[in-house]
Amino acid sequence: MPLKLTGRHMTITDETRLYIEKKVNRLRRLAPKIDEMSITLSKTNKLLVDVEASFRAGKIVAQASTRAEHTHEAIDVLIDKLEAQITKAKK
């Protein structure tokens with residue numbers, strides 16, 4: 001599965017990259033044949049991180065975005081939103 005990570009106004013560290021890959025594995029259980037997934041992290045100011053994602057697996061398409069103070073917190077919320085959309089689309 002091609003996972004595209006982009007950082008705007010910030011650098012994505014190896015720790016953050018590994019954390020994202022670990023969380024994306026939750027989505028693989030719901031849709032094992034993921035065609036495309038892209039995640040963009042951007043620092044809007046010194047306090048907030050915006051995270052946006054798009055996901056495509058066959059006919060299932062999901063998009064989500066969130067904003068939080070901490071990068072890992074934003075990633076957790078984003079993956080939860082994507083997981084809910086994918087579960088709903090599968091029904």
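The values are calculated or read from the model by the stated rules, or taken from the named source; none is laboratory data. What you are looking at is a predicted structure, and each value in this text was computed from that prediction instead of being measured. In this analysis, Cβ positions are derived from the backbone assuming ideal geometry, glycine residues included, and neighbour counts consider all displayed protein chains. Ligands, DNA and RNA are excluded from the accessible area calculation, which covers all protein heavy atoms including side chains. Shrake-Rupley method; radii C 1.70, N 1.55, O 1.52, S 1.80 Å.
Heavy atoms of the protein chains alone define the surface here; on that basis the chain has 64 Å² accessible area per residue at 1.4 Å probe size. Please work out how much accessible surface V61 shows to a 1.4 Å probe, ignoring ligands, DNA and RNA, in Å² rounded to 10. Accessible area, nearest 10 Å²: 100 Å². Using the Karplus relation 6.51 cos²θ - 1.76 cosθ + 1.60 with θ = phi - 60°, the per-residue 3J(HN,Hα) values for the stretch 28-37 come to 5, 5, 7, 9, x, 9, 6, 7, 7, 8 Hz, with x marking Gly and Pro.
Rolling a 1.4 angstrom probe over the chain with all protein chains present gives an accessible area of which 49% lies on carbon and sulfur atoms. Taking 7 Å steps out from each Cα toward its Cβ at T13 and D35 produces label points 3.6 nm apart.
The modelled label-to-label distance for the pair L48/H72, using points 7 Å beyond Cα in the direction of Cβ, is 2.3 nm. Between helix 71-90 and the chain there is an angle of about 20 degrees, using the helix long axis and the longest principal axis of the Cα atoms.
Here the dipole of the chain is about 440 debye; that uses its Cα centre as origin and unit charges on the Cβ of Lys and Arg (positive) and Asp and Glu (negative).
Karplus-based coupling profile of the stretch 55-63, in residue order and whole Hz: 9, 9, 9, x, 8, 8, 10, 9, 9, with θ = phi - 60° in 6.51 cos²θ - 1.76 cosθ + 1.60 and x standing for Gly or Pro. Here the gap between K4 and K91, fully extended at 0.36 nm per residue and compared with their Cα-Cα distance, gives a gain of 28.6 nm. With helices as the sole contributors, the chain gives -14000 deg cm²/dmol at 222 nm; each DSSP H run of n ≥ 4 counts as -39500 (n - 2.57), and the sum is divided by every residue. Distances between placed amide hydrogens fall under 5 Å for E36 paired with R56, all partners being 5 or more residues away or on another chain. The Cβ shell under 15 Å around A84 holds other residues with a net charge of +4, Lys and Arg each +1, Asp and Glu each -1.
Among beta bridges identified by DSSP and lying wholly in the chain, the antiparallel ones come to about 75 percent.
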